[in-house]
Amino acid sequence: MELSRKAAITIAAVGIGLVLYVCKLYGYLIFHSLTELFSIVIAAGIFIVAWNTRTYRPNPYILFIGIAFLFIASIDLLHTLAYKGMGVFPGGDANVPTQLWIAGRYLQGVSLLVAPYFIGRNLKVVPVCIVYAVVSLTLVLTVFCGLFPDAFVDGKGLTLFKVSSEFVISLILVLAILYLRKKKDYFEAPVVKLLMWSMIATIASEMAFTLYTDVYGFFNLLGHYFKVISYYLIYVALIKTNLKRPYETMRAEIEERKRTEEKLKASESQFRELLENMQLIAVLLDVNGKVTFSNKYLQKLSGYSQEKLNDSDWFDLMIRDALPEVKEVFLNALKYGEIPPHFENPIFTADGSLRHVYWNNTILRDATGLVIGTASIGEDITERKRFEEELKKYRGHLEELVEERTCELAAANERLKEVDRLKSMFIASMSHELRTPLNSVIGFSSILLNEWAGTLNDEQKKNLTSILRSGKHLLSLINDVIDVSKIEAGMIEIGSDEFDLAELLAELEQTFARQALGQQLSLTVQELHLMMHTDRRRLLQCMFNLVSNAIKFTEQGGVTVTVRHNETGGTVTIIVTDTGIGIAEADQPRLFKAFSRIQSRLTAKVQGTGLGLYLTKKIVVEILRGEIVVMSEAGRGSSFSMTIPVRVDAV
């Protein structure tokens, strides 16, 4: 189809060209008049199409071209009438029509260059028409008053002004092509090509008109052929842009609208079927509260027939006890589209019973935005409301039970406080009653063992050593139990001392140096001067526990105490490392549990309560606000690290 159309256009173009050539053979004036009139008619047609399609197909570029070509056509008409041999104007030489030709082409070239500027802009038609009228009239007057430069001299041919003007006009058209190419996205690709080829044909026409010496010569003939082609191409581009393509689009839109309407009808049918069969209430009201649609579920729920419901007053039928003022307020809100999207209210059924409904509302508007009614989807929540009422009763009963239980718990709490008070009294009593005789046993055993009261034999020394060791062990156990009880009861007193860590480290070394030496172990304690603000006694207690354990479970090698100060974090880390028997990985999770002793070959030889590490961790975490970790490998020794803040304020 497209190929046959192009063939028809080609045949028509060739036919027109042949007809014009035959006319030229008969008489050049006939050929010239026909080609110019063809261009004038097309230019006028461009204006007519652009002007009459500006309202429904606004295109500032085409409208600007249309206005420009109307005035260009006026100058071309004068050019045709003034042509040599026409005899319309006195004188009848070739200069005036050539001058009018140059004036028209300047106007055409500048118009095509300026036109892309208006793409996407608001074109003010009246000022544009005034400008073109003034410019066109000025050009014509300068020609007929002899002010316009000469373009043709009989016997000599074209003047330098005329030839140079043709090149200037061609340059303007080249710039117009480049400018249009920059704005090509505004048009369809075929339209841009037609416009560009039209300007190229105009340039070819201008070049041909630089070569003739006789107004009836070959190059003059060729130039007019190119002009006809140029005008035809721009006309086709305009028809495609403002007539053919819009009508094709309109036809496609009509077909699409028909398909949309068919889909809409099918969708409406499906939607109506959905509303009819869903297990929810569906009702449409107009602005007066009249029912315009009700589905089967509402009819079944209410006991009313479709005939009874439809076109009835919703308030009079379904909400009988509503006050007139309530109905008026609702209808006024509906008219202004202010009805709430969600609410609930009871409705009456045909047998007089009430059903509670939760509504979802949507305002309906016409194409102009005017409210025409409301569409409401309702859920019957009668059973849910009944359950809610029962739940309220149960909730009230539950509150009574909670209050009763709270009283019981308060009484139990008072009893626990009393038990806690008795526990505190027991701890204080045991602290005094047990420690006093034990201190006496330990003290007198030491005096006897040191032979202050007289010389002892070996058997007596052995027995006294056993008594002293057992007494110290029992005292340590009592102290640990009391400390654990106080920490767990929150009764322990937290000290806040300012001291130099180096003093504690020195005291630690002095305390355990003899014991380490007695077991032929080395004891290395790093010295670090660091002012600390924390519980001095508890920190020293933790260090004693860790070093004591390290010495007890190390058979050879030694124990090392290192200290690291983290200035950025404000913490200090004390690391106790030994070369003892170590701890198996499976036993490590039980290390810090109360009364837990890890079984090893030294367990039977080394006395212990199973509370040392448990108490140490409690003190480090809860009193010193730090943490303790262990790294150990069976047979290769252990490393315990305490990291605590340099400053801890007592609470």
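Which residues, taken from segment 546-587, are within 29 Å of Thr534 (Cα to Cα) and open to solvent by 40 Å² or more (accessible area, probe 1.4 Å)?
Asn549, Lys552, Thr560, Thr562, Arg564, His565, Asn566, Glu567, Thr568, Gly569, Thr577
Could we say that Leu517 is loosely packed, with under 13 Cβ neighbours inside 10 Å, in a helix (DSSP H, G or I) and at pLDDT below 90 here?
Details: loosely packed, with under 13 Cβ neighbours inside 10 Å: yes; in a helix (DSSP H, G or I): yes; at pLDDT below 90: yes.
So Leu517 passes the test.
I need every pair where a residue in segment 22-49 that is under 17 Å from Ser111 (Cα atoms) and at pLDDT 80 or above has its Cβ under 9 Å from the Cβ of a residue that is of a type in the set (Lys, Arg) and part of a helix (DSSP H, G or I), sequence separation at least 6 or different chains.
Ser39/Lys227
Given the options Arg181, Arg121, Arg105, name the one that is charged (D, E, K, R) and farther than 26 Å from Phe226 by Cβ.
Answer to the check: Arg121.
Go through the residues of segment 555-566 one by one and say whether even a single one is assigned to a loop (DSSP other than H, G, I, E, B), among the acidic types (Asp, Glu) and modelled with pLDDT under 90.
yes
Scan segment 623-651 for residues that are among the polar types (S, T, N, Q) and either more than 21 Å from Ser496 (Cβ to Cβ) or open to solvent by less than 30 Å² (accessible area, probe 1.4 Å) (or both) and jot them down.
Ser632, Ser638, Ser639, Ser641
Restrict the check to segment 174-191 and report whether at least one residue is over 50 Å from the mean Cα position of the chain (by Cα), surrounded by 14 or more Cβ atoms within 10 Å (Cβ to Cβ) and within 23 Å of Ala43 (Cα to Cα).
No, segment 174-191 contains no residue that is over 50 Å from the mean Cα position of the chain (by Cα), surrounded by 14 or more Cβ atoms within 10 Å (Cβ to Cβ) and within 23 Å of Ala43 (Cα to Cα).
Listed here are the residues, each with its yes/no results for (1) closer than 24 Å to Ala115 by Cα; (2) aliphatic (A, V, I, L, M); (3) part of a helix (DSSP H, G or I); (4) open to solvent by less than 10 Å² (accessible area, probe 1.4 Å).
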position	(1), (2), (3), (4)
Ala43	yes, yes, yes, yes
Phe47	yes, no, yes, no
Tyr61	yes, no, yes, yes
Phe71	yes, no, yes, no
Asp76	yes, no, yes, yes
Gly85	no, no, no, no
Pro90	no, no, no, no
Asp93	no, no, no, no
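Which pairs turn up if I take residues in segment 204-228 that are more than 12 Å from Arg105 (Cβ to Cβ) and open to solvent by 20 Å² or more (accessible area, probe 1.4 Å) and look for partners that are modelled with pLDDT of 75 or more and in a loop (DSSP other than H, G, I, E, B) with beta carbon separation below 9 Å, at least 6 apart in sequence or on another chain?
That search, which allows pairs on different chains as well, returns Thr213/Lys156; Asp214/Ala94.
Taking segment 177-217 only, how many residues are at pLDDT below 80 and in contact with a Leu (Cβ under 6 Å, 6 or more places away or on another chain)?
1
Here is a yes/no grid of residues against (1) at positive phi; (2) in a loop (DSSP other than H, G, I, E, B); (3) surrounded by 21 or more Cβ atoms within 10 Å (Cβ to Cβ); (4) modelled with pLDDT under 65:
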residue	(1), (2), (3), (4)
Ala594	no, yes, no, no
Gln599	no, yes, no, yes
Lys605	no, yes, no, yes
Thr609	no, yes, no, yes
Leu615	no, no, yes, no
Val621	no, no, no, no
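When you go through Leu464, Leu398, Leu438, Leu501 one by one, which is the residue that is at pLDDT 70 or above and more than 30 Å from Val621 (Cα to Cα)?
Sole residue among the options that is at pLDDT 70 or above and more than 30 Å from Val621 (Cα to Cα): Leu398.
Looking only at residues that are out of contact with any Gly (no Cβ under 8 Å at 6 or more places or on another chain) and over 21 Å from Arg647 (Cα atoms) in segment 520-545, which one is least open to solvent (accessible area, probe 1.4 Å)?
Within segment 520-545, the match that is least open to solvent (accessible area, probe 1.4 Å) is Val525.
Evaluate the following for Gly15: is it at pLDDT 70 or above, surrounded by fewer than 19 Cβ atoms within 10 Å (Cβ to Cβ) and not acidic (Asp, Glu)?
The answer is no for Gly15.
Quick grid of which residues meet (1) open to solvent by 50 Å² or more (accessible area, probe 1.4 Å); (2) of a type in the set (Gly, Ala, Ser):
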| position | (1), (2) |
| --- | --- |
| Pro340 | yes, no |
| Glu344 | yes, no |
| Asp351 | yes, no |
| Tyr358 | yes, no |
| Asn361 | no, no |
| Ala375 | no, yes |
| Glu383 | yes, no |
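Select from segment 128-147 the residues that are closer than 18 Å to Tyr83 by Cβ, modelled with pLDDT under 90 and open to solvent by 30 Å² or more (accessible area, probe 1.4 Å) and list them in ascending order.
Result: Phe144, single match.
The values are calculated or read from the model by the stated rules, or taken from the named source; none is laboratory data. Small disclaimer: the values here were computed from a predicted structure and weren't measured. Reconstructed Cβ throughout: ideal geometry from the backbone, glycine too, with neighbour counts over all protein chains shown. Calculation scope for accessible area: heavy atoms of the full protein, side chains included, ligands and nucleic acids excluded. Shrake-Rupley method; radii C 1.70, N 1.55, O 1.52, S 1.80 Å.
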